[in-house]
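The values are calculated or read from the model by the stated rules, or taken from the named source; none is laboratory data. What you see is a predicted model; the values in this text were computed from it and never measured. Cβ placement follows ideal geometry from the backbone for every residue including glycine, while neighbour counts extend to all protein chains displayed. Each accessible area value is taken on the protein alone, full model and side chains, heavy atoms only, with ligands, DNA and RNA left out. Shrake-Rupley method; radii C 1.70, N 1.55, O 1.52, S 1.80 Å.
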Amino acid sequence: MEMKEMTYKDAINLAMSEEMRKDKNVIFMGEDIGLYGGAFGVSVGMFEEFGEDRVKDTPISEAVITGAAAGAAATGLRPICEMMFMDFITIAMDNLVNQAAKMRYMFGGKAKVPMTLRLPAGSGTGAAAQHCQSLEAWLCHVPGLKVVTASTPAEAKGLLKAAIRDDNPVCFVEHKLLYKMKGEVPVDDEYVLPLGQSDVKKEGTDVTIVTYGTILHRVMEAVEAVEKEGISVEVIDPRTLYPMDTETIVESVKKTGRAIVVHEAAKTGGLGGEIAAMISESEAFDFLDAPVLRVAGLDTPIPYNRNLEAAVAPSVDMIKDAIYKVMNR
Amino acid sequence: MSLSKETLMEMYLRMNHARLFEEKVAYFFSRGMVHGTTHLSVGQEASGVASCMALEDGDLASLTHRGHSQAVGFGLDINKMMAELLGKETGYCKGKGGSMHIADIDNGNLGANGIVGGGYCISVGAALTQQYQKTGKLVLCFAGDGSANEGSFHEALNLASVWKLPVIFFIENNLYGMSTPISKHMNITDIADRAKAYGIPGIIVDGNDPIEVYETVNKAAEGVRSGKGPVLIESKTYRWLGHSKSDAQAYRTKEEVQQWKEKDPIARLKKFMLENKIATAEEIEAVEEQARTNMENAVEFANNSPEPPVESVTEDVYA
Ligand SMILES: Cc1ncc(C[n+]2csc(CCOP(=O)(O)OP(=O)(O)O)c2C)c(N)n1
Ligand SMILES: [Mg+2]
């Protein structure tokens, strides 16, 4: 496969641009995504290539961006929308949850709503309480929505393309700290990664860690450290958070007998609890040698101060400690 | 005048269907055969039906929770509507939607909406599709007076205006949002005034006059289709019955209701056709009889239709 090094945000730009070149019904809308290129510069150059009919700057109106995407999708377009920050889905929620997610089911299977909502998420930027949240668990609680997240540039490209091609509303969560991350990305414009498939980021035999997004890279750091001490860890990235490929996780836990879920989102009501419950209801339960642990964000808003902000998200040490704990060390 | 006899007679048939439909639903409701809730549109038939009659083939519409007249006006099949109200598999939504979600997306009906103001943004998006694909079609977005205080109203009108989208916002001002009179929910008497804030035309019509409703929508549609951008039409009307299933109506007087009953839109259309010698009394009676027969058939169709299989509960969550 021919590869090219690029940043995560360029990979997202590439995914959108390729899909727009292929399918005239794909359009892109959001706040300041045109000439300005979006709050994080993700769409730089797209306005110039596709023009204002297809790269549409909207007013600061999250409800109508989302609702209009649903209406356009139900009538034949395939809109991609950028929420400037994931935090602003609060304003879009009715249109996302009560409209887009419900149309197909409540209309008896007759509607298709192929829209993609891109959601820059996560802390670490110092933007504090209203611009740093990881609200993916809310979205996973809404049947009718798909929730996807990518932890590397290549996956950003492949998964976003799959999201755009999917006939359902897909929420695509992009951790802002990943935007500048570089990686090898396939140049093939048919490089599409299937939704609903977990990826085993690293094989191992003693502990299974389920994680996604920026924190995955922190997990990798912790894993590298403990492996030097003889603990073998398997790392699974679900990638599609809903509907999740649970089978890969269950199979892994049957092999390792120990599981930890790590995410940046607040612990209470987060996906960690859901994944832990799923494991304990599965056939992997009988193989468990330790309780399933969660290493997650503190149950606080995201603070501004650098040290406080860092204290909210799981650290490498916290992840290592959880590994020692399930290993009884 | 742009209205042919054929159109007028069809309008009269649909308005009769709409009234009879609500009467049946009220009856079924009282017998416990329709569950959940329903919002009946008796008295608002000119608003719901005559506005849709002014549409072209291929135009779209989104409806409100008080959407039965609008659906009938748009040309939906009363058999499938009645079946949906009884929760049957043959209903528009296979029994999964009910009164508040009757939809026929394939034919441009974007659905009724259980969320007050929920149709505004969807309509704007559907209008974007029409503009982008240059279909020459428009979207008729129904809404109620109360919904004009939702944020979505403002976001949708503004975006539709700056993008010059082909959408008509048709607000049925029936003077109340549930129990709250308009005087207590906004500090203006005409919602049409709000159009000015978005730089679009705001037109007021007598929502109980089917001819005026038809002609206003028809005329507005011309400009909307030609790319001039959206229009807000405020249709002044009144619901005869309570807001929904249980409503003691303590917030209004019997006299007020009676005054509005005297402005019955169906009687008005009949009078118009007779006075202008468009149709004879016999012809009109024949249409009324036809409407009654059709409604009995719809009830029979719905009653005889199967319940959806329980296994269908997990179907159609995703495409
Ligand atoms: C977002 C939302 N808030 C409240 C309700 C409950 N509710 C249903 S209908 C209604 C009144 C709506 O008033 P209006 O828009 O004037 O329509 P009308 O019922 O008069 O036709 C209310 C408050 C709802 N369904 N959705
Ligand atoms: Mg009202």
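Tabulated values for the structure
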quantity: Cut-off under 5 Å, modelled amide H: who pairs with B:Gln44 long-range; calculated: B:Trp240
quantity: Cα-based reach from A:Lys320 at 29 Å (exclusive), listing lysines while leaving out same-chain residues under 8 positions away; calculated: A:Lys176, A:Lys180, A:Lys182, A:Lys201, A:Lys202, A:Lys228, A:Lys254, A:Lys255, A:Lys267
quantity: Amide H contacts under 5 Å for B:Gly177, placed H, 5+ residues apart; calculated: B:Ile182
quantity: Proximal aspartates and glutamates to A:Lys146, defined as alpha-carbon separation beneath 13 angstrom and excluding residues fewer than eight positions away on the same chain; calculated: A:Glu136, A:Asp166, A:Asp167, A:Asp245
quantity: Percent of alpha-carbon pairs separated by more than 37 Å within chain A; calculated: 15 percent
quantity: Rounded tilt (10° steps) of A:62-74 against the dominant C-alpha axis of chain A; calculated: 80 degrees
quantity: Residue-averaged [θ]222 nm for chain B, counting only DSSP H segments that reach four residues, each worth -39500 (n - 2.57); calculated: -13000 deg cm²/dmol
quantity: Efficiency of FRET from Cβ geometry, A:Lys4 and B:Asp190, R₀ 45 Å, rounded to 0.05; calculated: 0.15
quantity: Protein accessible area in region A:199-326, 1.4 Å probe - carbon and sulfur %; calculated: 50 percent
quantity: Within straight-line cross-link reach of B:Lys263, lysines at Cα separation under 20 Å, skipping those fewer than 8 residues along the same chain; calculated: B:Lys236, B:Lys254, B:Lys271
quantity: Residue-wise HN-Hα coupling along region B:121-127, computed from phi with Karplus coefficients 6.51, -1.76, 1.60 (Hz; x: Gly, Pro); calculated: 6, 4, 5, 4, x, 5, 5
quantity: Accessible area of B:Leu60 in the full protein assembly, 1.4 Å probe (Å², nearest 10); calculated: 10 Å²
quantity: Distance from region A:181-219 to region B:114-184 (C-alpha centre basis), Å; calculated: 43 Å
quantity: Sequence-distant residues sharing a close amide H with B:Thr64 (under 5 Å, placed H); calculated: B:Asn113
quantity: Region A:3-186 - percent of accessible surface contributed by carbon and sulfur, probe 1.4 Å; calculated: 54 percent
quantity: Per residue accessible area in Å² of chain A, where ligands, DNA and RNA are left out and the probe is 1.4 Å; calculated: 37 Å²
quantity: Complex-versus-alone comparison for region B:160-179, residues with a loss of 20 Å² or more in accessible area, probe 1.4 Å; calculated: B:Trp163
quantity: For peptides A:119-126, B:135-142, sequence by mean Cβ density within 10 Å, most packed first; calculated: B:135-142, A:119-126
quantity: Calculated [θ] (222 nm, deg cm²/dmol) that DSSP helices of n ≥ 4 give over chain A, each run adding -39,500 (n - 2.57); calculated: -10000 deg cm²/dmol
quantity: Overall dimensions of region A:3-186 by Cα: Rg and Dmax, Å; calculated: 15.1, 45
quantity: Accessible surface of region B:20-77 [probe 1.4 Å, protein heavy atoms]: carbon and sulfur percent; calculated: 50 percent
quantity: Kirkwood hydrodynamic radius of the protein assembly as shown, from inverse mean 1/r over distinct Cα pairs, in Å; calculated: 26.6 Å
quantity: Members of region A:78-124 that become less accessible by 50 Å² or more once partner protein chains are added (1.4 angstrom probe, chain alone as reference); calculated: A:Gln99, A:Arg104, A:Tyr105, A:Met106, A:Phe107, A:Gly108, A:Lys110
quantity: Too-long pairs where the Cα-Cα distance tops 26 Å, listed order kept, from A:Lys24/A:Lys112; B:Lys88/B:Lys134; B:Lys5/B:Lys164; B:Lys94/B:Lys245; A:Lys56/B:Lys134; A:Lys157/B:Lys137; calculated: B:Lys88/B:Lys134; B:Lys5/B:Lys164; A:Lys157/B:Lys137
quantity: Average partner coverage of B:126-136, which counts Cβ from other chains inside 10 Å; calculated: 5
quantity: Summed buried accessible area for B+A [probe radius 1.4 Å, Å², rounded to 100]; calculated: 3400 Å²
quantity: Separation of the B:Glu56 and B:Met33 label points, Cα + 7 Å toward Cβ, nm; calculated: 4.1 nm
quantity: Residue order for A:Arg306, B:Arg292, A:Arg104 - accessible surface, 1.4 angstrom probe, largest first; calculated: A:Arg306, B:Arg292, A:Arg104
quantity: Translational D in µm²/s for chain B (Stokes-Einstein at 37 °C, 0.692 mPa s, Kirkwood Rh from C-alpha pairs); calculated: 166 µm²/s
quantity: Extension gain from B:Gln290 to B:Val257, taking 0.36 nm per residue of separation minus the Cα-Cα distance; calculated: 9.0 nm
